[in-house]
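Each remark here refers to the structure printed beneath this line.
The values are calculated or read from the model by the stated rules, or taken from the named source; none is laboratory data. Keep in mind that what you see is a predicted model, and the values were worked out from it rather than measured. Positions of Cβ are generated from backbone atoms using ideal geometry, with glycine treated the same way; all protein chains shown enter the neighbour counts. In case anyone asks, the SASA skips ligands and DNA or RNA and just uses the protein heavy atoms, side chains included. Shrake-Rupley method; radii C 1.70, N 1.55, O 1.52, S 1.80 Å.
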Amino acid sequence: MRIENSFIPVEGVGETTERRLWERGVRTWDEFDPAVDVAGVGSTTADRIESFIAEARAHLDDGDAAYFDRRFPSGERWRLYEDFRERTCFFDIETTGLDEHRDRVTTVSFHQGGETTTLVAGRDLTADRIRERFREADLLATFNGARFDVPFLETSFGIDVDTPHLDLMYPAKRIGLSGGLKPIEKQIGIERDRPDLSGRDAVRLWREYERGDDDALETLVSYNREDTENLRVLADAVCDSLHRDVFEPAIGE
């Protein structure tokens, strides 16, 4: 499902009215006609829809994901993914614990455009390098990043993460996928190359590396990178499923 299928950012258009528009054949902005006979779409709402389309089209042409991040309800942010898929940066962090005020970030992996980069504490993990990665993205994607990864980075490095952010944990719940990332991966058939590790293992591996075990760092980085790369597979699966659940029934597919 693409942004151009959406009317829900318009004041006065909720899920029910949007679905009625789709059912009447108004599946994209180009198909909207102010004269369309749809319950809930009077002249005032029709004017608002037209104004939104004109404004939104310009922002979409400019690749302005931040505009749509502001306009869409938070629960519908997944609709940005298809349009900004190629400019989405998936990222995941590893830390020495769960308290961003006391613990440290050890590695951060970024996956964008088919390439994965990992920054390591004490080597190249700096505020400037993180900012650089985020500047290259239109959309960020994480799992539980709104509550963990983002505030951890902001506190640890004194940065503001203001790139539009899709936390996949929430749309995953909408399609019945709950729990941590690893159980969800198993539910949708994502396989891992390495034995299953946990957050505790990540802390242990970092401590072993600090004691001089370079192999432990290699394992930790591999684990972090696999987490990050699997987020892309999860995003594809979740957004495709929501497309089938939300959009296809209304258009008869």
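Take the Cα of D162, step 7 Å along the line toward its Cβ, and report every residue of region 67-86 whose backbone nitrogen sits under 16 Å from that point. Hits in region 67-86 for D162 at 16 Å: 67-71. Computed with a 1.4 Å probe over protein heavy atoms only, the accessible area of V150 comes to about 20 Å².
With the Cα gyration tensor of region 142-203 giving a ≥ b ≥ c as the square roots of its eigenvalues, does the rule (a/c under 1.5 for rounded; else a/b larger than b/c for prolate; else oblate) give rounded, prolate or oblate? Judged from the Cα gyration tensor, region 142-203 comes out oblate (a/c at least 1.5, b/c at or above a/b). Placing R0 at 35 angstrom, the Cβ-Cβ distance between R129 and E15 gives a FRET efficiency of 0.30 after rounding to 0.05. Here's the picture: charge each Lys and Arg Cβ at +1 and each Asp and Glu Cβ at -1 in the chain, and of Y81, F52, G158 the one pushed furthest to the positive end of that dipole is G158. Solvent exposure of region 74-183, expressed per residue, is 43 Å² of accessible area, with all protein chains present and a 1.4 angstrom probe. Less than 5 angstrom separates the built amide H of D92 from those of S109, all sequence-distant by 5 or more or on a different chain.
Please go through region 143-246 and write out the GluC sites (Glu not before Pro) that DSSP classes as loop and that have at most 15 other C-beta atoms within 10 Å.
E191
Residues of region 184-217 falling in the label zone of T96, defined by backbone nitrogen less than 14 Å from a point 7 Å along Cα to beta-carbon, are 203-212. What the Cα atoms of region 106-210 give is an Rg and a Dmax of 14.9, 41 Å. Here the label points at E23 and S178, each 7 Å from Cα along the C-beta direction, are separated by 2.9 nm in the simple model. Close amide-amide hydrogen proximity is noted between H165 and L140, each under 5 Å apart and 5 or more residues distant or on a separate chain (H modeled in the peptide plane; Pro and chain starts excluded). Which of rounded, prolate, oblate describes region 5-91, given a ≥ b ≥ c as roots of the alpha-carbon gyration tensor eigenvalues and a/c under 1.5 marking rounded, otherwise prolate only if a/b is larger than b/c? Because a/c hits 1.5 or more and a/b exceeds b/c, region 5-91 counts as prolate.
Amide H contacts of G40 (H built 1.01 Å from N, in plane; Pro and chain starts excluded): no residue 5 or more places away or on another chain comes under 5 Å. Can you bin region 159-253 into rounded, prolate or oblate? Criterion: square roots of the alpha carbon gyration tensor eigenvalues sorted a ≥ b ≥ c, rounded for a/c under 1.5, prolate for a/b above b/c, oblate for the rest. Since a/c reaches 1.5 and a/b is larger than b/c, the shape of region 159-253 is classed as prolate.
In the chain, the convex hull through the Cα atoms has an average projected area of 14.4 nm², a quarter of its surface area.
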